[in-house]
Structure formats: structure tokens, C-alpha cells
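Trainee: Before I ask anything, let me first share the structure, which is written out below as C-alpha cells.
The values are calculated or read from the model by the stated rules, or taken from the named source; none is laboratory data. Keep in mind that what you see is a predicted model, and the values were worked out from it rather than measured. Methodologically, a virtual Cβ is constructed for each residue, glycine included, from the backbone with ideal geometry; neighbour enumeration extends over all protein chains shown. Note: areas computed on protein heavy atoms with side chains; ligands, DNA, RNA excluded. Shrake-Rupley method; radii C 1.70, N 1.55, O 1.52, S 1.80 Å.
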Amino acid sequence: MKSNATAIESLRWEKFQVLDDGFVCLVDCMGDDSDIAQAARVSYGEGTRRVSDDETLIRYLLRHQHSTPFEMAEIKLLVRVPMDCWRQWIRHRTASVNEYSTRYSVAIDQMYSVAPDAWRQQAATNRQGSDGVCDAQTGETLSEKEREIHQRAREIYLERLEAGVARELARKDLPLSTYTEAYWKCDLRNLLHFLALRMEGHAQLEIRQYATIIGEKIVAELFPIAWRAFQDYILESTTLTRLERRVVERLARRGIVPATEEVFLECQDDSWRGLERCRERDECRAKLKNLGLLE
């Protein structure tokens, strides 16, 4: 295993490409796994080390949601990201941010372009999600029109600048696909929360790609113990609500594993019965299928 100092030096300023012209790179890091454990032990004194090594302690902390010690470590990143994706990113208000300013500087001459085979269709059952892709001919048409929009928007922007229009006004019609850059500094506790939400399968694909790179290429290298615990207890875990647990209990009494859809509907919570569409029931069904308890 690399030492933390070695890992930082090997990662610093390495640009991990995301999308067509985006990237993520490490600027700096404060702390490592041992700092998380040290922060936790201050509550109990030095004696704790005799019965609990760092890995056991860190896994206990994350498993039982004792999250404050994870704030003792910080990561600073430089990211290049399309503005529409950045809008979702910046909603995580627990980081320190300094963004490239198009009031002072000319906008980055690059816009995120969707490949012809990557135009996703709107999901029928999820208003904020996608499902499937457009056919090849439609995709080619959409990408061609996208290129026209990008080219014309840039031309108009530069014409305004050449005419002496203030940068803060000239920028107003640039597409949300325009790339921006920002320094983003976050403590590990809030970074893991960001990753839990943005690596999750229902997050938008573009920001999910950024989050995956940050997690797998940077956090996993700098905090290997915390990362493994995060995978085990948060990222790849399944949480059952009170209602879902009672469904499992009723299924268990039936003694049929995996149960059929008919049995599942018989064992569903009473508050779901009679509802033609029920997201909570759908979520329960998906969890049970993932656990192998439902066909």
C-alpha cells in the first residue's frame, strides 16, 4: 500500500478525463485514514488503540454513522465540468468553491457534445430520469443541430466581445453545455455523502461519471480503509424501511424463497394496497429482487 504522501504526489495534477473535454484532478489533500482514527480516539484517550486498530475503528465509525471524525480529512480538486452538470454539483453546499469567472475572463472555448448514440430518452415513470436512447437517425440529427447551436452561440459571443460589450453581459446566451472550471475543497465526511448520492444509479449519467472518477481514482487511493468501508456500508448496501422489513417478515413466514410477484403483493404493506402506482412499493420490490428474495 502506498503511503499517503506518495499517493498524493503521484496523483497531484493528474487529469482524469471525464466526458469529451472535462476532467478531475487532485490539487491537495490533508490527512489520511490514520487522522480519522486519531480524531475518534480523542474522545476515549490513548487506551482505545489497545483494543481497536485503525481499520476496525474506521469501519465501526462508518457502520454506525459516527461521521464527525471524517471531517478531519480534506481533499481539494480542480474540475472542468459542463455548466448544467455543475448546477447539480454546486447544490452540495458543504464545500469551499472558487469558480472560473466569465465576468473577468473569456468563457472557455469548449462545450459538451453528446455523441449521436448517446441521446437518452425521457423515462416514462421518472420525471427526472432517462431510459434508453434515441434511434440512430434521430441521434445523428440531434448531434448535427447541436454542433450548429454551439458554433453559432460562440460566434455571437465573440462578436459581442469584439464590439466592446462587457463580458458579464456578452456571456448571457452561452449554452449550459459550456464548460466551467472550479476549485472544490471538501472534507471527507461531506465528500462521501456527495459520492453516495452522485454515484447512485438514479443520478444523472454525466455527474455520475465525475463522481465515479473522484471515488475510484482519488478517494480510494488516498483513504483506502475509509473507501472500503464506504463501499461496504453505504455505496453497495441495502437499507430496509420499517414497512419493507415487515414485508420481509411476512414473506419469511411463507417460507418460499424466492417469492413470486403474487405472494409479494399479498404481503405488501396495507398502505400500498389499491394504489395503481406506488413508488415505495416499486422500491421495495427492487430491493427484494436484488437480495434474491423475489423472483
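Trainee: Can you tally the lysine pairs in the chain where the Cα-Cα distance is under 24 Å and the two residues are eight or more apart, or on different chains?
Mentor: For the chain, qualifying lysine pairs total 11.
Trainee: Along the charge dipole of the chain, Cβ charges K/R +1 and D/E -1, which of Gly255, Met30, Asn98 sits furthest on the positive end?
Mentor: Final value for the positive-end residue is Gly255.
Trainee: Can I ask one more? What do the square roots of 5 times the Cα gyration tensor eigenvalues come to for the chain, in whole Å, largest first, as semi-axes of the equivalent ellipsoid?
Mentor: So the equivalent ellipsoid measures 40, 33, 15 Å along its semi-axes.
Trainee: Just grab the label-to-label distance for Val97 and Asp28, each label 7 Å out from Cα along the Cβ direction, in nm (one decimal).
Mentor: 2.1 nm
Trainee: R0 = 25 Å: FRET efficiency of His193 with Thr56, Cβ-based, nearest 0.05?
Mentor: The computed FRET efficiency comes out at 0.65.
Trainee: Considering only protein heavy atoms, what is the solvent-accessible area of Arg147 at a probe of 1.4 Å, reported in Å² to the nearest 10?
Mentor: 120 Å²
Trainee: Continuing with the same structure: Please build a GNM for the chain, connecting alpha carbons under 10 Å apart, and tell me which residue among Gln209, Gln128, Gln38 fluctuates the most.
Mentor: Greatest mean-square fluctuation among the candidates belongs to Gln128.
Trainee: Let me ask you something else. Leaving ligands, DNA and RNA out of it, rank Ser143, Ser101, Ser130 by accessible area with a 1.4 Å probe, largest first.
Mentor: Highest to lowest solvent-accessible surface, that is Ser130, Ser101, Ser143.
Trainee: Report the extension gain between Lys172 and Ser10 in nm, rounded to one decimal, defined as 0.36 nm multiplied by the number of residues separating them, less their alpha carbon distance.
Mentor: Roughly 54.4 nm would be gained on extension.
Trainee: So how do Arg93, Arg171 rank on accessible area, 1.4 Å probe, biggest first, that is with the largest at the start?
Mentor: These residues rank, largest area first, as Arg93, Arg171.
Trainee: Here's a follow-up. How much accessible area per residue does the chain have, in Å², with a 1.4 Å probe?
Mentor: Computed with neighbouring chains in place, this is 59 Å² per residue.
Trainee: Tell me the carbon and sulfur percent of the accessible area for the chain, rounded to whole percent, probe radius 1.4 Å.
Mentor: 48 percent
Trainee: Would you list Lys172, Lys76 from the most to the least accessible area, probe 1.4 Å?
Mentor: Sorted descending by solvent-accessible area, the residues read Lys172, Lys76.
Trainee: Quick one: pull the percentage of alpha-carbon pairs in region 241-295 with a separation above 19 Å.
Mentor: Distances greater than 19 Å cover 15 percent of the Cα pairs.
Trainee: Return the single residue from Leu192, Leu235, Leu251 with maximal mean-square fluctuation; model: Gaussian network over the chain, springs between Cα atoms under 10 Å.
Mentor: Comparing Leu192, Leu235, Leu251 in a Gaussian network model of the chain, the most mobile one is Leu251.
Trainee: Hey, another quick one. May I ask which residue of Gln137, Leu62, Tyr112 lies farthest towards the positive end of the charge dipole of region 62-147, with charges of +1 (Lys, Arg) and -1 (Asp, Glu) on Cβ and the Cα centre as origin?
Mentor: Of the candidates, Leu62 comes out farthest on the positive side.
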